1. With the checklist (1) under 21 Å from the mean Cα position of the chain (by Cα); (2) in a helix (DSSP H, G or I); (3) under 25 Å from residue B:11 (Cβ atoms) in hand, flag the one item residue B:93 doesn't pass.
2. Condition first: in a loop (DSSP other than H, G, I, E, B), surrounded by 18 or more Cβ atoms within 10 Å (Cβ to Cβ), out of contact with any strand residue (DSSP E or B) (no Cβ under 9 Å at 6 or more places or on another chain) and more than 9 Å from chain B (Cβ to nearest Cβ). Can you find one or more residues in region A:45-54 that meet it?
3. From (1) assigned to a helix (DSSP H, G or I); (2) away from every other protein chain (no Cβ under 14 Å), pick out the condition that doesn't hold for residue B:133.
4. Would you check which residues across region A:7-32 are more than 8 Å from chain B (Cβ to nearest Cβ) and either crowded, with 16+ Cβ neighbours inside 10 Å or under 20 Å from residue B:138 (Cβ atoms) (or both) and list them?
5. Quick check on residue B:73: is it outside any loop (DSSP other than H, G, I, E, B) and exposed (fewer than 13 other Cβ atoms within 10 Å of the Cβ)?
6. Could you please let me know if residue A:30 is under 12 Å from residue B:73 (Cβ atoms), touching a residue at least 24 places away in the same chain (Cβ under 8 Å) and more than 9 Å from the chain's Cα centre (by Cα)?
7. What are the residues in region A:35-44 that are outside any loop (DSSP other than H, G, I, E, B) and surrounded by fewer than 18 Cβ atoms within 10 Å (Cβ to Cβ), if any?
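The values are calculated or read from the model by the stated rules, or taken from the named source; none is laboratory data. Note that the coordinates shown come from a computational prediction; the quantities given were computed from them, not determined experimentally. Reconstructed Cβ throughout: ideal geometry from the backbone, glycine too, with neighbour counts over all protein chains shown.
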């Protein structure tokens, strides 16, 4: 799974800390999601998409194994 | 319940467990002539106290930083670590029971059940800590 979180964070000038605090998760969670090492729940994906003013579809790119 | 209240409750439970553990160690040391079980429980208690100090210090730091102490990823890691620790130690307990029965059948002096249980608890706790630390660094698979 790839994400566009890093790119959109940069667009809105948000650090991982800022994003984590806005959503109410730990900073490591954002780091792991960005690196594709953790697949978030639908609710968390939706919350991240909301903060980054996009949709879940736009934010996460699922690839076939 | 907010993070502060949850953390206070956690500290109270840890303190109660450590006090009860200390009473048990002192009581078993006074009541029994067998030093091995007392030594083992003292080692487990000291390890628990050290782990508690590390966890509480980390928790305080996290509370001050403004991040939640637990979120869906850390819960998933704890669940995975708990699941693994439970099943691995369950198999270990079955294996130990088998060895215990064999020793008794062959009339070899067997190790008392209380000492098996000490090892069981120590192994379960160690597996949980190792898997928890590993998944925290590497990420949750799947």
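1. Residue B:93 satisfies all of (1) under 21 Å from the mean Cα position of the chain (by Cα); (2) in a helix (DSSP H, G or I); (3) under 25 Å from residue B:11 (Cβ atoms) except (3).
2. yes
3. Just one mismatch for residue B:133, condition (2).
4. A:8, A:9, A:14, A:16, A:19, A:23, A:30, A:31, listed by residue number.
5. Answer is no for this residue.
6. no
7. A:42, A:43
Here's the yes/no breakdown for (1) within 18 Å of the chain's Cα centre (by Cα); (2) under 22 Å from residue B:85 (Cβ atoms); (3) loosely packed, with under 15 Cβ neighbours inside 10 Å; (4) modelled with pLDDT of 80 or more:
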{"position": "B:98", "(1), (2), (3), (4)": "no, yes, yes, yes"}
{"position": "B:102", "(1), (2), (3), (4)": "no, no, yes, yes"}
{"position": "B:107", "(1), (2), (3), (4)": "no, no, yes, no"}
{"position": "B:110", "(1), (2), (3), (4)": "no, no, no, no"}
{"position": "B:114", "(1), (2), (3), (4)": "yes, yes, yes, no"}
{"position": "B:120", "(1), (2), (3), (4)": "yes, yes, no, yes"}
{"position": "B:123", "(1), (2), (3), (4)": "yes, yes, no, yes"}
{"position": "B:127", "(1), (2), (3), (4)": "yes, yes, no, yes"}
{"position": "B:142", "(1), (2), (3), (4)": "no, yes, yes, no"}
